[in-house]
Structures are given as structure tokens and as C-alpha cells.
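Have a look at the structure below, then the notes.
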Amino acid sequence: MNPLQEDMESALTGSQSPHTSLRDVHSINPTHLMARIESYEGREKKGISDVRRTFCLFVTFDLLFVTLLWIIELNIISISLPGQTMSVLQIGKVNGGIENTLEKEVVQYDYYSSYFDIFLLAVFRFKVLILAYAVCRLRHWWAIALTTAVTSAFLLAKVILSKLFSQGAFGYVLPIISFLLAWIETWFLDFKVLPQEAEEENRLLIVQDASERAALIPGGLSDGQFYSPPESEAGSEEEAEEKQDSEKPLLEL
């Protein structure tokens, strides 16, 4: 916690106690407060916080990374011949190029052997999360919970029921990567984005409240202008009263 926030919180808590003094509230520097308010208002005008922007970039990376892996899979998939090892170039010649492989993956889609649905799952996560947290700027976890639950359930079912493991390394690399990215997005939003934005909002409220309290103080007063009157000498009031009492009989004579 920075020193300014500690000063503001101490001033606010002190204003609620019976020993509140004008000096405690005015001890906050108004110029510093205005600078802090302008900085927070500038962040609000940007429309999206830095941590939320980072989250949206990671969601975009999720889509691009899964797409890249899927394209690589389209280039290396082959109708493996028993006991033979072929290079990537030879595989492309045997399969007729990426066009035939793409047609087999998309047009002749087979749940048990195709990776196209994992790519569509990444597109689904991207659209839902960008719409929810970049366009609508939600401050709740329900959208990320939906995408993570759908991703986890689908991938678990596909790994159990499909025949992906018989197709080489991509049979388990692509599902595992997709599963991990979905859960990393959930962790990042729940433990980084939402708590940090809530903390920033609380700081803004504290600064605004403190600035309103400081505005109620007369501008002519400052820290150095608080003083106490000089103390009177001990017994001076009693001596004055005795003198007045001794003068009364003389006046009566």
C-alpha cells in the first residue's frame, strides 16, 4: 500500500472517531489528491484496464496457437504405411496436399479422428471471452466459467471416446494444450483481472472521498497556521478577582 493511500485511509477512519480534528483531514495534500484523481479518471477514459487488455491478448494467443497447431497437423497427417517412414514432403505427395487433408478434416468430419472440433472450440472461447470481457466489460466470472466447463467436458469426452492416440503425437498434444490454455485463462481472470480492478475502484473511491473532505476545509488554513494561544500565568485570574474584591470597600467609602 502506498503512503498516499495510507494517509487517506487514516484520515477517513479518523473522521469517524470522536477525536477527529480539522488538521488530520487537511494534512492530505490537495494537489496530490487532484493528480491522483486525474490519473484514475484517465484510466477510466481508456475504457479498459491494462490487466484486462493483457487477458484479451492471452485469449487471442489461445486462438492463434491452437490454429497454428491445427495447421501443422493438417500438413503432417498421413495415411501411414506399415513399416515405412516418410518425410513431410512425401506425406504431402501421398495425401494430395493440404487441400485433401482439409477436406477430410472439415467436409468429411469424423468426431473420432478429426481435430477440427478442437479448433472450433478455440474459436468458441475467443468469441465468448472477447465479447464478454472486451466488448461488454463484464466484472463477473460466469463467462469464463462457461467456456472452461464446455472445453473441459468436450475434451475429456473426445479423449475417452475418440481414436486420437493412434494418430501420433498430435493425438494428445493438441487436446492437452487446449485444456491447459482454457484453465490458465480462468486463473488469470479470477486471480488477476477481477481483484486488481476491484482494488483500483476502491482506491478511486477513497481518493474522491478524501478530496471532498479536503474541499470543505477553508482554503486559508494550512498545516503551519494551526497554533495555540499563549498560556496565561498561573493564578493570574485569582489575583484579579482578589484585587477587585479589595477595591470594592474603598469605593464604598
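Key figures for this structure:
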quantity	calculated
Region 134-190 pair-distance distribution - Cα-Cα, 5 Å bins, rounded %	4, 18, 24, 19, 14, 10, 7, 4, 1
Phe165 accessible area, assembled protein chains, probe 1.4 Å, Å²	130
Portion, in percent, of the accessible area of region 115-157 that falls on carbon or sulfur, probe 1.4 Å	80
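The values are calculated or read from the model by the stated rules, or taken from the named source; none is laboratory data. Values in this document were obtained by computation on a predicted structure and should not be read as measured data. Surface accessibility is based on the protein's heavy atoms, side chains included, excluding ligands, DNA and RNA. Shrake-Rupley method; radii C 1.70, N 1.55, O 1.52, S 1.80 Å.
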